[in-house]
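Here is the structure we will look at.
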């Protein structure tokens with residue numbers, strides 16, 4: 001059903017991106033990640049009746065916007081790509097510092113050879129909450145990213161300025177199953 005939904009969404013003119021994932025550590029947890037121009041097209045919908053628990057919906061504002069082409073960039077056929085999402089709940093009053101640190105690091109992150117897509121977004125309903133969307137070509141690229149010098153200020157922030165440490169508790173490794181298109 002999610003594969004069909006993603007295919008239908010991608011065909012809509014106002015869709016920027018749509019992808020479906022399962023969590024690497026909890027395969028029964030599914031993620032649908034979408035970007036739309038002017039909000040989702042209501043003619044494409046997933047019935048809540050088929051879900052075991054109600055879906056959580058996160059509305060975010062992208063802080064370093066990407067184009068439709070950048071969002072739809074994919075890994076190579078030979079890559080074993082995966083996506084990492086990190087949810088960050090900042091201590092009140094430190095959100096501007098977090099955005100500034102990321103603003104400085106973002107061009108470097110996006111230029112890493114193993115990075116396919118990298119985005120920082122802020123929750124619309126709570127300015128202290130953020131989420132990163134990081135798509136890597138493979139595990140080695142992700143491991144390199146964790147030691148990449150520009151990440152040090154980000155890690156330092158995450159170790160000292162979030163409400164519920166350790167920050168790794170907000171980390172989700174996702175495996176894409178739709179649309180699975182490759183370069």
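No lab work stands behind these numbers, since they all come straight from the coordinates. None of the values given here were measured: they were computed from a predicted structure. When we count neighbours, we look across all protein chains shown, and the Cβ atoms used for this are built from the backbone with ideal geometry, even at glycine.
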In nm, what is the difference between 0.36 nm times the number of residues separating residue 103 and residue 79 and their Cα-Cα distance?
5.8 nm
Sorted peptide list for 51-57, 125-131, 112-118, 159-165, criterion being average Cβ within 10 angstrom, highest first
112-118, 125-131, 159-165, 51-57
Between residue 29 and residue 59, what is the spin-label point distance in nm, taking each point 7 Å from the Cα along the Cα→C-beta axis?
2.4
Extension gain, residue 110 back to residue 38 (0.36 nm per residue minus Cα-Cα distance, nm)
23.4 nm
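Remind me, relative contact order of the range 79-183 in percent, using alpha carbon pairs under 8 angstrom and six or more residues apart? Don't jump to the answer; show the numbers that get you there.
Working: 151 pairs, mean separation 44.7, N = 105.
Worked out over the range 79-183, it gives 43 percent.
Would you mind putting 23-29, 95-101 in packing order, based on average other-beta-carbon counts within 10 Å, highest first? Don't skip to the end; give the middle numbers.
Values: 23-29: 11.3, 95-101: 16.6.
Answer by packing, highest mean first, reads 95-101, 23-29.
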Cα centroid separation - the range 64-83 against the range 158-181, whole Å
17
Would you kindly compute the Cα radius of gyration of the chain and its largest Cα-Cα separation (Dmax), both in Å?
16.3, 47
For the range 101-183 the translational diffusion coefficient, Stokes-Einstein from a Kirkwood Rh over Cα pairs at 4 °C and viscosity 1.567 mPa s, in µm²/s, is roughly 92
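Extension gain residue 147-residue 67, at 0.36 nm per residue separation less the Cα-Cα distance, in nm?
Values: separation 80, 0.36 × 80 = 28.80 nm, distance 2.75 nm.
Length gained, residue 147 through residue 67: 26.0 nm.
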